[in-house]
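Scroll down for the structure; my scribbles are underneath it.
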Amino acid sequence: MATTNAELISRDQSHLIHPLHNRTVHQSGHVWVAGDGAVLTDADGKEYIDGLSGLWNVVLGHGRHELVEAAAKQMRELPYCSGYAGSSNPKAIELAERLAAIAYPTINRFFFTSGGSEASETSFKTARYYWRMRGQPEKTKVISRQWGYHGLTMAAMSATGISSYWPMFEPRVPGFIQIASPYPYRYEVADNVSPGVAAANELEQAILREGPDTVAMFLVEPVQGAGGVIAPQDDYFPRIREICNQYEVLLVADEVITAFGRTGKMFALNHWDVQPDMIQFAKAITSGYFPLGGIGVSDQIAEVLDTADAVWMHAFTYSAHPVGCAVALSTLEIIENEKLPDQAASKGDRLLQNLQAALSDHPHVGDVRGKGLMCAVEYVADKGTKAEFPPEERIGIRLHAETQKRGLFSRLRGDVFCLAPPFVTTDEQLDRIVEILRDATDAVFN
Ligand SMILES: Cc1ncc(COP(=O)(O)O)c(C=O)c1O
């Protein structure tokens, strides 16, 4: 007889430690045994729409044989080789070429990691190295934003602006500063300028407060993901670019969620015609089938790396892993051939419009928002004041439970329900997501 979900969870709890380990939450967890397209199946055989594409990464959906074949072929030919200087592999070379062709025009050189946190660490160290090599070693500080998520290694955690990640691991690394998020639903305009420009000007104020000679980089998700799907006002990033130019601060786009089509464009700053000095990517590059991330740097930074006489002493055992690079090439081929950024845009429009139609009038739905195929519904205690529910009401936790009962599995930030289903989610599945969230909302509030 097949092993049940409950039996597996009980064994799991004896020997496994989970990311965000929480024994109580895990007690009612799922052990996933299969996936097909946008659907996950747990050990009891129950099916769920994968509302967050795993963790924002499985953009092609589950069961893509092309990716499996790419990995198997590479494993048979050469499962591993070092990526350290003096060693390379054809798939890494080809992947870097491919990325140079599709990324921002100024970004043409790439370094590969195993995931997003390592990409953040790589940016911090590369920014420090760059300024040091240019004779400004005191430019070391990193400015990021509230509600930003950049990973959980010590420095990445210190750049992360979701404060619940900090307390049990304090103190944070010095030299990491946060400014407000442009959060259109909540950002209060103090100045006599538009909210987008006012929010961007907070960067200028922070740079001036810290001293421009001490600030290395501004780390920013084009659309904040884990912090609750927050897209900025249209005038935000153009002003950010101006400020970074004026004070010689590197603009680093953390596109770990947004790169490769999620927002409806291949890279998200293209929505605002802004070019960064560095990008970070991970997740969708392999559709989650193999751990791979990395950074891309501007020609100016690449030139310093190529000409400096001090070795960039930064390396991971799994940098440029040939299997990861092979899977990434196959993923990018599918994303391009099937025009998936366009599909993410149109499916995202459908999802957002239907969410708005179904939920905007609800007395406890404060905001329904999205950009491309990433959306969020923010629940509030009072629509007029936008006051949040007290945590003891456990609104988000109850919504999570009610949506699971109805066959949808996703994630929340507090009482903000986040959605980022695979690009291959069908229209029927998108409509079902909305129906489930509407019914779950009724179940929680009635
Ligand atoms: C924007 C962003 N940056 C960095 C990370 C960290 O990536 P990883 O979990 O692969 O270390 C994440 C993970 O969700 C992310 O969303």
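The values are calculated or read from the model by the stated rules, or taken from the named source; none is laboratory data. From a predicted model like this one, the values you see are computed outputs, not experimental measurements. Ideal geometry is used to build each Cβ from the backbone, glycine not excepted, and the neighbour counts take in all protein chains shown. Side chains included, ligands, DNA and RNA excluded: accessible areas come from the protein's heavy atoms. Shrake-Rupley method; radii C 1.70, N 1.55, O 1.52, S 1.80 Å.
The figures follow:
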{"read-out": "Percentage, to the nearest whole number, of Cα pairs in segment 370-446 over 17 Å apart", "value": "45 percent"}
{"read-out": "Rounded Å value of the spacing that divides the Cα centres of segment 134-154 and segment 353-378", "value": "32 Å"}
{"read-out": "Radius of gyration, Dmax [segment 107-192; alpha carbons; angstrom]", "value": "14.9, 45"}
{"read-out": "Per-residue ³J(HN,Hα) for segment 227-232, Karplus 6.51 cos²θ - 1.76 cosθ + 1.60, θ = phi - 60°, Hz, x for Gly and Pro", "value": "x, x, 6, 10, 9, x"}
{"read-out": "Net charge of Cβ neighbours under 14 Å - reference His62; Lys, Arg +1; Asp, Glu -1", "value": "-4"}
{"read-out": "Inter-part distance where segment 51-117 and segment 1-20 are each reduced to a Cα centre, Å", "value": "31 Å"}
{"read-out": "Area of Trp312 that stays accessible when all protein chains are in place (1.4 Å probe, Å², to 10)", "value": "60 Å²"}
{"read-out": "Under 10 Å, Cβ to Cβ, from Val297 - net charge with Lys/Arg +1 and Asp/Glu -1", "value": "-2"}
{"read-out": "Accessible area, probe 1.4 Å, largest first, for residues Ile334, Ile17", "value": "Ile17, Ile334"}
{"read-out": "Among Ser144, Ser163, Ser14, residue whose mean-square fluctuation peaks in a GNM of the chain (springs only between Cα atoms under 10 Å)", "value": "Ser14"}
{"read-out": "Cα centroid separation, segment 405-434 to segment 234-265 (Å)", "value": "27 Å"}
{"read-out": "Computed accessible area, Val377, all protein chains, 1.4 angstrom probe, square angstrom", "value": "0 Å²"}
{"read-out": "Mean accessible surface per residue for the chain, computed with a 1.4 Å probe while every protein chain stays in place, in Å²", "value": "43 Å²"}
{"read-out": "Residue (of Phe112, Ser410, Gly227) at the positive-pole extreme of the chain, dipole from beta-carbon charges", "value": "Phe112"}
{"read-out": "GluC sites (Glu not before Pro) within segment 197-282, DSSP loop, no more than 11 other Cβ atoms inside 10 Å", "value": "none"}
{"read-out": "Column: log10 I(q)/I(0), Debye, Cα scatterers of the chain, q = 0.09, 0.12 Å⁻¹", "value": "-0.58, -1.06"}
{"read-out": "Sum of -39500 (n - 2.57) over DSSP H runs of 4+, divided by residues of the chain (222 nm, nearest 500)", "value": "-12000 deg cm²/dmol"}
{"read-out": "When each of Lys46/Lys91; Lys91/Lys405; Lys73/Lys265; Lys73/Lys141; Lys73/Lys371; Lys125/Lys386 is checked by Cα-Cα distance, pairs over 32 Å", "value": "Lys46/Lys91; Lys91/Lys405; Lys73/Lys141; Lys73/Lys371; Lys125/Lys386"}
